[in-house]
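Q: Have a look at the structure that comes next, please.
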C-alpha cells in the first residue's frame, strides 16, 4: 500500500513538474515571439545570440568536465569493487555465514555508478533549464517585475521539482530492482545503497569545486579589470570575460548546486534506510520493519506534493508585483510549505508506522547484546518536524543576515564610509555571528532526534529539513537565473530601467541563494551525523567506543577540524590564481584589440571561457583528492577510531565555517547592491556607483565571491562525502588489524 | 633535594634577570645621557616627552582596568567560595569521610585571588618595562641596527625572565604555604591550585580582550584617517590618535600578552599537578609521588636556565648586526634553546623520576576499579621532548608563513597588483593553510603523550612546549617594543633612515609576535586537553563516558565549535565600532583645530586616549561574560556530558581559527612592510608608499589588525579558561542531579 502510494505520488509529481515546465516554456516562447514582432527585434536577436553563447560555453564546459568525471567514476567503481570484495578474500560463499563480500562490492559499485549518473543528470538538467530561461527573464523584465519574477521562479521550480522527483524515482526504482533480484537479503541491499550516495556526492564535489572555481575566476577576473580598472559596468559586452562570467553562473551555481542538493537528498534517504536496516528497527514483525523503512521515502514524496501546492501561491495566487515584494514572496514559500507539511507529517507518522517499535541505540550492554529503546510513532513526527521547522528558522535567520532590508547588511554597507577595511571587518564579524543560531538549532534537532530514536531519528530530522527541498531548490536556482538575466540585459543593451529590475531580482537571489546554502549546510550536518553513526555501527564499534578522550580519537578530532580550513585554502587560492590569469588575459585583450573599448570590435570571449575551463578542471583535482583521499588514508593507516574522530571534527568545524562563509559573502554582495540601488536616505548617502563607498563595497563583494560560491558551499559536500565514503569502506577498514589501522600494526606494541 | 634545586634555580634566575635588567637600563640610561650631550638635545627631549605621554596613557588605562577587575575578582572569589562550599551543604566535617567542601572552597578562592593578582602584576610589569624601553630603542637606532635590536631584545628578555620566574615562584611558594598549613591533604591542595589557574586566566581574558580592543581601535582609527584620508605617515605627531595607538601596543600586545602567557604557564603546571594528584600517580611509594609531582616544576625551572643561556647568544655572542640578520637571530634563539634543553630534559626525567610508576588512564574496568598503565621514566622524556620540538616546528612554520622573506607573504603582496580584494583572498587562504601543520603537530603530540602517560603525558607535553616560554616571551615582547620605538622615532622627527631601521625591527617583530602566538595556541590546546581530562575525572566520569555519539555530548560539541566564532564576532565588531568613533573624533579634530595639519597646533591626544579607554572597558564585558558564563550555564542546566562536548568542540575549533587569524594578520602586516621597504626587485615593482598596490596592502593590514591582535590571541584564553573553570566547578556540577544538569531534571523522564 505504501509502495503504491509512493508510486502514485511520484507519478503525480512527475506529471505536474513536467506540466510546470511546459507551460512556462511555451508561454515564454510565445512571449518571445510576440516580443520579436512588437518590440525592437534587434534586442531580442541580441538576447538570443548571448543566450546561445552562454549555453554553448556551459555545455562545452560540462561535457569536458563530465568526460573527466566519467573516467574517474569508472576507475573508482572498479577500485570500490575490488576493495570491498577483498574483505573476505573474494570468496563467493561468504565468511561466518554472512553473504559474500563480493556481492556487497558489486552492489556498491553499481549503486555508485547509478548515483554518479543521476548526479550528472541533475546538474545537466539544471544547467539546460537555466540557460533556457535567462534571456527570457531579461525580455520579460521589459514588461514588469512580476513577469520577470514569475519566469525566473518557474524555471527554478522546474529544476527543483525535476531534481527532487528524479532523485526519489531513482532511489525507489533502485531499491525495487535490488529487491526483485535479491529478494529478502535486506542487509546487502541497504548497505549497497550507500554507494548511491557516494556516487552522488563525489560528482557533487567535483561539480561544486570545478564549477565554483570556474564561475568565480571569471567573475572576479571580469570585475577586477572591468569595474575597477576600466570603469565599465558589470556584464558590459566590451569586457572579454563577461560571457565566461555568465557561463560560470550556470555551471557553478546551477549545475554544481543541483548535484549538491541532489546528493543531500539521496544521502539523507540512504542514511535513514541504512540505519533502519543495519542498526535499526528490530521489531520482529516483518511488515512493520518494511513500512518503517519506507517511511523516509514517504516523507520525501509528501514533501514534493506540499512544495508543489505552495508553488502555486507564488506563481498564480500571489506573485510578487513589485521590487519590495520579491523577498517576502520567496520567504512566504518556505513558511507556507513548512506549515502545510507539518500536519501531513504527523498523519504519515501515526498512520504508516506501528504504534511503537524498537530501535538499537548503537551500544551493547555488558553481555554484548545490543541495547534497544522503544520508539512511539509520534516520536518520529517530532524528529521530522524538528528538522522541518529547524530548516525554516535557519532560512529566516539567513535572510535576516544577508538581505539588505535589515540592519546587519546595512551596518556592513555603512562601514564602507571608513573604507574597504571596516567593511570587511564588519562582514567577517557578521558571518561569524550568523553561525550562532543555526548551530544552536542543529544542536537541538540532534538532541531531539538522538534521544527519541537514536540515529534513525537524526536521519529522519535530516529528511524533515529536506522535505521542502523542491522549494529550496526552486528559490535557490532562481538566484543565478536572475543574475544571468541581468547579464543578458546589460549585454543586449536593454537600458538602465531593465537592468534595475534584474538587479533587484538578483539582490533577492543573493538572499535566496544564502537561504538555500543554509538548508544545505544544516541538512548536511544532520546527514553526516547519521552516516557517521551508521559508519561506527558498521565498523563493528559501539557508539560508546568513540570517546573524545581516547588517544586515537582526539587527534582525529583535531585533524578533522582542520580539514575544512585546508580545503578552503586550496579552493580560495585556486580562485585567486585563476582570476589572476583571467585578469592578465582581459588586460591583454584591452591592450591589443583595437576598438574594443569603443565597442566596434568584439572581444575574444572564447579565450576567456577556455581559461576558466582549463583552470577549473586543473584546480579541482587537489581538493578532490584531499576529500576523497583522507578517509581512505586515515582509515587504512590509523584505523577506525581515528577516522571517527576525523569525521566528527570535520563535521563540527565545517558547519561553522560554511555558514559564516556563505553569509559573509551574501552580505557583502547585497551591501554593494544596497549602495548601488540607493533605495533609502542612508544608502543614497553612500552612493552612487563609482563613489569611494561603492568602491569599498565592490572590494567586499569580490572577496566574498569565492567564500560564498566556491569554498563555503563545497564544505557541506566535504562533510557528507567523507562520512558516506567511510561508511561504504567501513567493512574494509574493520578488516585491517581489527580496525586499528596498518600503521599501528607496523609500529607494533607501542601501546 | 628537588625543592632545594628548584629554589636555587629560581634564585639564580631572579638574580640574573634583574642583572639583565639593570645593565640594560643603566647602559641605555648612560647612552641616553651621552646622546643628550652629543646629539641633538631636542630630539632626546621630544622622545622623552613622547615616552612620558605613552607611559601616562598606559598607566592610566591599566589602573582603570585593574580597578574594575579588582571588583570582579572580589565578587567572583566570593561566588566561587559559596558555590564550591555548597556541594556538601557548607558542612564543616565533610561527607563520606572526604574533607569538607568548605575547605576546597576557601582554598580555591584564595588561590583564585593569588592567580589573579600575579596575572595583574605580570601585565603591569611588562607594560612598565616596555614603556621604559621604547624611546631608548628609538634613540639607539640612531647608532645602528645592532644597538637598537639589542636594547629591544633585552627589554623583551626582562619581561620574559621576569614573568617566567615570577610565575614559577608564586606557584612554588603557594604550594609550600598550602603544605605548611594543611600538611598531608594532597588532594585538597592540588584541587585548590586550579583556582590559581582560573584567576590567572580570567585576568588574562579581560586583559587580552580589553587591551586588544584598545590597541586596535586606536590603530585602525589612526590609520584610516591618517594614512588613507590625510595621506600622512604612520605615527605622525599631527595625528590625534597616534599616542593612543602607541599606548595600545603596551596595554594590549604587552600587558595582555604577558597575562596570557603567564596564564598558560600557570595552567599547564596546575594541570600537571592536578592530574598527578587526582587521577595520577598511583605508585604506593610516597616519595616517588612527591618527586613526580614536582617534575613539572623542575622542567619549567630548567627551561628558564636554558633560555637564559641562550639569551646570551643574542645579546653578547652573536647579536644581529644588520637588517637581514634580525629574523634569523630571533629564530636561532628558539632553535638553540630547544636543542640545549633536550638533553637536560632527558637527564631530569631519568634522574628525578623513578624508573617506572603507575598512572591512571581515566577509565574504570568492569569491576569499577580504575585502570592503570605503567610508565617508564624515559616515556616522560618523550612527552616533554614532543612538546618542546613541536613548539619549535610550529614556531618555524609560523615564521615561514608570516615573514616577508618567504613566498607566502610575497605572493600575498604580489596579489595587490590586482587590488585589495585579491590581497585579502590570498591572505585568508594563507591563514587557513597555515593551520595544517600546527594541527598535525599537536595531534601527534597528543597521541604521544596520551598513549605513553595518559593525561599526565599531555600536560607534560604542554609544559615541554612552554619550557622555552622565557625566550618566546622575550621575542614576542620585542615586537610591540620595536613598534613603539618606530612611533617615537616618527613623532620625535628623527628622520627617514632611523624610521627605516625601526620599521625593519618592527617587521621582524610581526613575525616573532606570530611565532609567540603559535606557541601560545599550541600550548593552550595541550593545556586545555589536560584540564579537560582532569575535569572529566573530577566530575566522576570515566574517559570512555564522553562518547562523541552520545545524545548529550554531540550537541555540546557543535555548540562548542561555534563559540570561538561567536566570541570573534563580538570582539571584531567591538574593534570596528570603537574604531569608527575614533575615526570620527580624529576627523573632527582635523576639521576643527586650526593649524593641526601644519604642525603648529598640537592635537588633543588625551581625548583619543579617553575614547579608546572607554570603548575597550565597555566592550570587554560581553565577550568576558560569554566565556566565563558558558561553562557555568551549560554545566548547571545541561550537565557534565554536554559541558564536556562544549569544551572539546571549542578546543578543536579555536585552534584552527586562532592560528589562521594570527597568521593571516601577521602576513598582511608584513606584506605591507614588504611593499614599503622595497628590498627586492619584485617588491619595488609594487611600491613605493602611496601607490595603488601599497594602498591595497594597507587595507589588508587594517583588516588583519583585529584578527591578529584582538580576536585571534584571545581565543587561546577562551579554550583554557573554559576548561579550567569547568575543572574548578566540576564537583558542583557533579552534585546537580548526578551531573545531568537541572534542565533535564526539570524536563523529567523525557529520556
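Bear in mind these aren't lab numbers, they're just calculated from the coordinates by the rules spelled out. Just so you know, these numbers come straight off a predicted model, no measurement behind them. A quick note on method: Cβ atoms are made from the backbone with ideal geometry, for glycine too, and the neighbour counts reach across all protein chains shown.
Q: Taking a label point 7 Å from Cα toward Cβ, how far is residue B:146 from its twins in the other copies, in nm, shortest first?
A: Label-point distances to the other copies, shortest first: 8.5 nm.
Q: Expressed as an acute angle from 0 to 90° and rounded to the nearest 10, what is the orientation of the C-alpha long axis of helix B:101-140 relative to the principal long axis of chain B?
A: Relative to chain B, helix B:101-140 is tipped by roughly 20 degrees.
Q: Helix-only mean residue ellipticity at 222 nm, chain A, DSSP H runs n ≥ 4 weighted -39,500 (n - 2.57), per residue, nearest 500. What is it? Mind dumping the intermediate values first?
A: Values: 23 runs with 585 residues, N = 751.
Rounded to the nearest 500, it is -27500 deg cm²/dmol.
Q: Also, quick follow-up: For peptide B:641-651, what's the mean number of Cβ atoms from other chains within 10 Å of each residue's Cβ? Could you put the intermediate results ahead of the total?
A: Details: counts 0, 2, 0, 3, 3, 1, 1, 9, 10, 1, 5.
Per residue, the average neighbour count from other chains is 3.
Q: Here's a follow-up. Just to verify a number: FRET efficiency for residue A:622 and residue A:746, C-beta to C-beta distance, R0 = 22 Å, to 0.05? Please list the in-between numbers first.
A: Values: r = 28 Å, r/R0 = 1.25.
Efficiency computed from Cβ-Cβ geometry: 0.20.
Q: Once you keep just the Cα pairs under 8 angstrom separated by 6 or more residues, what percentage relative contact order results for chain B?
A: Values: 1447 pairs, mean separation 144.9, N = 751.
Result for chain B is 19 percent.
Q: Among rounded, prolate and oblate, which fits the stretch B:97-241 when a ≥ b ≥ c are the square roots of the eigenvalues of its C-alpha gyration tensor, a/c under 1.5 means rounded, and a/b larger than b/c means prolate? Spell out each step's value before the answer.
A: Values: a/c = 5.52, a/b = 2.15, b/c = 2.56.
The shape class here is oblate.
Q: Residue A:594 label points, 7 Å along Cα→Cβ, one per copy: pairwise distances from this copy to the rest in nm, shortest first?
A: So the label point of residue A:594 gives 5.9 nm to the other copies.
Q: For the stretch A:436-579, divide the Cα radius of gyration by the Kirkwood radius and give the resulting Rg/Rh value with two decimals. Present the calculation step by step, with values, prior to reporting the outcome.
A: On the way: Rg = 20.9 Å, Rh = 18.6 Å.
Radius of gyration over Kirkwood radius for the stretch A:436-579 works out to 1.13.
Q: Just how far, in whole angstrom, is the stretch B:548-615 from the stretch A:216-261 if you go by their alpha carbon centroids?
A: The distance from the Cα centre of the stretch A:216-261 to that of the stretch B:548-615 comes to 35 Å.
Q: Neighbouring Cβ atoms within 10 Å as the yardstick, rank B:337, A:356, B:277, A:60 fewest first.
A: A:356, A:60, B:277, B:337
Q: I've got another one for you. For an R0 of 35 angstrom, estimate the FRET efficiency from the Cβ-Cβ distance between residue A:229 and residue A:614 and round to the nearest 0.05. Kindly include the intermediate steps, with their values, before the conclusion.
A: Numbers: r = 24 Å, r/R0 = 0.67.
For residue A:229 and residue A:614, the calculated efficiency is 0.90.
Q: Let me know the Rg and Dmax you get for chain B when you use only its Cα atoms, in Å.
A: When restricted to Cα atoms, chain B yields Rg and Dmax of 25.2, 84 Å.
Q: Mind pulling the angle between the C-alpha long axis of helix A:496-538 and the longest principal axis of chain A? Nearest 10 degrees, somewhere in 0 to 90.
A: The answer is roughly 10 degrees.
Q: Separate question: Identify the residues of the stretch B:413-428 with backbone N under 12 Å of a label point that sits 7 angstrom from the Cα of residue B:680 along the Cα-to-Cβ direction, or state none.
A: B:413-414
Q: Continuing with the same structure: What does the protein assembly as shown give for Rg and for Dmax, in Å, if only its C-alpha atoms count?
A: Over the protein assembly as shown's Cα set, Rg and Dmax evaluate to 32.1, 103 Å.
Q: Tell me the distances, shortest first, between residue B:370 and the same position across the other copies, using label points 7 Å along Cα→Cβ, in nm to one decimal.
A: Result, one decimal in nm: 3.6.
Q: Now for a separate question. Can you tell me the mean projection area, over all orientations, of the convex hull of the stretch A:321-462's alpha carbons? Units nm², please.
A: Working: hull surface 47.9 nm².
With the hull built on Cα positions only, its mean projection is 12.0 nm².
Q: Using alpha carbons only, how many angstrom separate the centre of the stretch A:643-709 from the centre of the stretch B:366-428?
A: When both Cα centres are located, 29 Å separates them.
Q: Right, something else. Angle, helix B:286-312 long axis vs. longest principal axis of chain B, Cα atoms, 0 to 90°, nearest 10?
A: 10 degrees
Q: How shielded is A:697-705 by partner chains, expressed as the average number of their Cβ atoms within 10 Å of its Cβ atoms? It would help to have the intermediate numbers written out before the result.
A: Details: counts 0, 3, 8, 3, 1, 7, 9, 3, 2.
Taking all residues of A:697-705 together, the mean is 4.
Q: If you count, for each residue, the other Cβ atoms within 10 Å and average over each peptide, how do A:646-652, B:732-738, B:590-596, B:401-407 line up from highest to lowest? Kindly include the intermediate steps, with their values, before the conclusion.
A: Numbers: A:646-652: 31.0, B:732-738: 17.9, B:590-596: 12.9, B:401-407: 22.0.
Descending packing order for the listed peptides: A:646-652, B:401-407, B:732-738, B:590-596.
Q: If we sort A:482-492, B:357-367 on the protection proxy, mean other Cβ atoms within 10 Å, highest first, what's the order?
A: Details: A:482-492: 29.3, B:357-367: 16.8.
Highest mean packing first, the order is A:482-492, B:357-367.
Q: Full extension from residue A:41 to residue A:79: what is 0.36 nm times the residue separation minus their Cα-Cα distance, to one decimal in nm? Please report the intermediate quantities before stating the final value.
A: On the way: separation 38, 0.36 × 38 = 13.68 nm, distance 5.57 nm.
That pair, residue A:41 and residue A:79, stretches by 8.1 nm at full extension.
Q: Rg (Å, one decimal) plus Dmax (Å, integer) for the alpha carbons of the stretch B:649-751?
A: Expressed in Å, the Cα Rg and Dmax of the stretch B:649-751 come to 23.4, 73.
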